Amino acid sequence: MKKIKYWMLVFVVSFALASCDNEVAEPQQEGNPTMQIEDQFAHVHFGDLLPFEVTVNDDVPLSTLTAKLYFGEEEVSKTIIRTKENGQYAGSIAIPYGKNIPDGTATLEFVLVNTTLKKASRSFDVPVKLAHYPYLILVTADASYPMVPTGKPNEYAASSAFPTTELPAYIKTPVLDGKGREILFGWDDGQGGIAEGTSNNIPFVSPEGGTYSVTFNTRTFEASPFFEVILNGQKMNMVDKDNYQLDIDLAQGEEITFEGLSNWWVDPDFFAQDQDKMTFVPLTGRYRVTANLPLNYLKVEALVGSNLATLQPDGTGAIWVIGDQVGKPSYLSNHVGWTPANALCMAPVGNKKYQLTLVAGETVNASQINFKFFHQKDWGGEFGSQSLTSESGIVFVGNGTNGRDNGNLGIVEGKTLTAGKTYVFAVDVSRGINNAVLTVEEK
């Protein structure tokens, strides 16, 4: 035992000594890096490429020169230049352009580092403001049109007898000076609005043909004209040229008004029509309404706050339909399929009951169906043969061995839905989401 302890002591002492010998020493900073920079950082605009010239010197080899631009405390742009030897170096740094950025003073910092990591730095205040352009350019597929100041702050307009009421176009600026650049404004589908740095066409639409004006504000990115859809007095937001969307609180039995839509398809699960009067059918709550212009279709989806609703263990929330041979306003023109993004939200009608109203031959195939019910507008929780039973003599629930995958609906062999007839598919979860009951009522 004594020998083991002795060798262990020798090992520990040796390791400690080796560790001390192998410690990495901090490099000794040497030299005297210096910079000469002339302050020429005036008359700077958002979107500029700001040039600079820096004369650097040191008595040890230099490494890098870094220019950093700050808006307040936030670093918004950076340029790094390798400085292999003393002398003059030129570069530029981008001044960001964005929506609703106020004029102000940025900070431009230069940091010079030599090979021993010794640094020198200098900072400059850079007043930055939005450029006042003499004109902008509206660019369409067939022509370009000048947009001139309207007299309102930062607003420009092009007025002409445009060829159609639909005018897909993007906007660009002229180059003002040696540090300016051409700035593009186009449509950003992700944001559902106009953004800087893209030439994707903005879906301008005029309510009237002939001569009209296209306007754009270079600070706020507000523009016109666009097609407008008004739901209960609230303007719906443009998602793209075909879709408008609004999250809104709606009450059961509330009268619904629309402006900007005509001849639209009425979904009986969500809207009851009595001559010119429309009322809301489902339970009072928050809903997302999407107006699809090509289909004249108002798609309604249940929300919780700003998120799509999901089925809760107590049976509240929402049930979603995904699968084949079903779709609104037509299963042929707007097929749901096995694409969760296309899922239909069943209308919550009270007492933990959800309904989907379909017309055979129009919104559902009369001879075959293959869709199922989900707890969310996505893969995940779903109803299967163990959690859903059918009381219908026409529609059955698949179990994997009866001609349909588990939970998928099918039409009983030898039967069909009657073309032109209305069928209300209702899922009742009042006895629990694992004891759901499907009924199919012909009207």
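The values are calculated or read from the model by the stated rules, or taken from the named source; none is laboratory data. Source: prediction; values computed, not measured. All Cβ positions, even for glycine, are placed from backbone atoms using ideal geometry, and neighbour counts span all protein chains on display. Surface areas here come from the heavy atoms of the whole protein model, side chains and all, with no ligands, DNA or RNA. Shrake-Rupley method; radii C 1.70, N 1.55, O 1.52, S 1.80 Å.
In this structure, the amide hydrogen of residue 318, modeled 1.01 Å from its nitrogen in the peptide plane, lies closer than 5 angstrom to those of 310, 311, 312, counting only residues at least 5 positions away or on a different chain. For residue 424 and residue 130, the FRET efficiency from 1/(1 + (r/R0)^6), where r spans their Cβ atoms and R0 equals 60 Å, is about 0.55. For residue 310, the solvent-accessible surface with a 1.4 Å probe is about 50 Å², rounded to the nearest 10.
Only one of [x] 35, 28, 18; [y] 60, 41, 17; [z] 33, 24, 20 was calculated from the structure for semi-axes √(5λ) of the Cα gyration tensor in Å, and its label is [y]. In the chain, the longest principal axis of the Cα atoms and the axis of helix 2-22 are about 70 degrees apart. Within the stretch 376-443, the proportion of Cα pairs with more than 14 Å between them is 62 percent. Expressed as a fraction of 2.2 N^0.38 Å, the C-alpha radius of gyration for the stretch 258-406 is 1.06.
Measuring with a 1.4 Å probe in the full set of protein chains, what accessible area per residue, in whole Å², belongs to the chain?
Working: 23050 Å² over 443 residues.
Heavy-atom accessible area per residue stands at 52 Å².
Compute and list, largest first, the equivalent-ellipsoid semi-axes of the stretch 179-230 from the alpha carbon gyration tensor, each √(5λ) rounded to a whole angstrom.
Working: eigenvalues 98, 39, 19 Å².
Semi-axis lengths for the stretch 179-230 are 22, 14, 10 Å.
Taking 113, 429, 139 as the candidate residues, the one with maximal mean-square fluctuation in a Gaussian network model of the chain, Cα springs under 10 Å, is 113. Could you work out the relative contact order of the chain? I mean the mean sequence separation of Cα pairs under 8 Å and 6+ apart, divided by the number of residues, in percent. Result for the chain is 8 percent.
The Cα trace of the stretch 95-250 gives Rg and Dmax of 20.0, 70 Å, the first to one decimal, the second as a whole number.
Between residue 175 and residue 284, residue separation times 0.36 nm minus the direct Cα-Cα distance comes to 33.8 nm. Take the Cβ atoms of residue 222 and residue 394, set R0 to 51 Å, and the FRET efficiency comes out at 0.45.
Surface composition of the chain: carbon plus sulfur atoms hold 48% of the accessible area, using a 1.4 angstrom probe and ignoring ligands, DNA and RNA.
Mind pulling up the Rg/Rh value for the stretch 199-326? Radius of gyration and Kirkwood radius, both on Cα.
Values: Rg = 17.1 Å, Rh = 16.7 Å.
Rounded to two decimals, Rg over Rh is 1.02.
Using only Cα atoms, locate the centre of the stretch 331-345 and the centre of the stretch 142-185, then give the distance between them in Å, rounded to an integer. The distance from the Cα centre of the stretch 331-345 to that of the stretch 142-185 comes to 39 Å.
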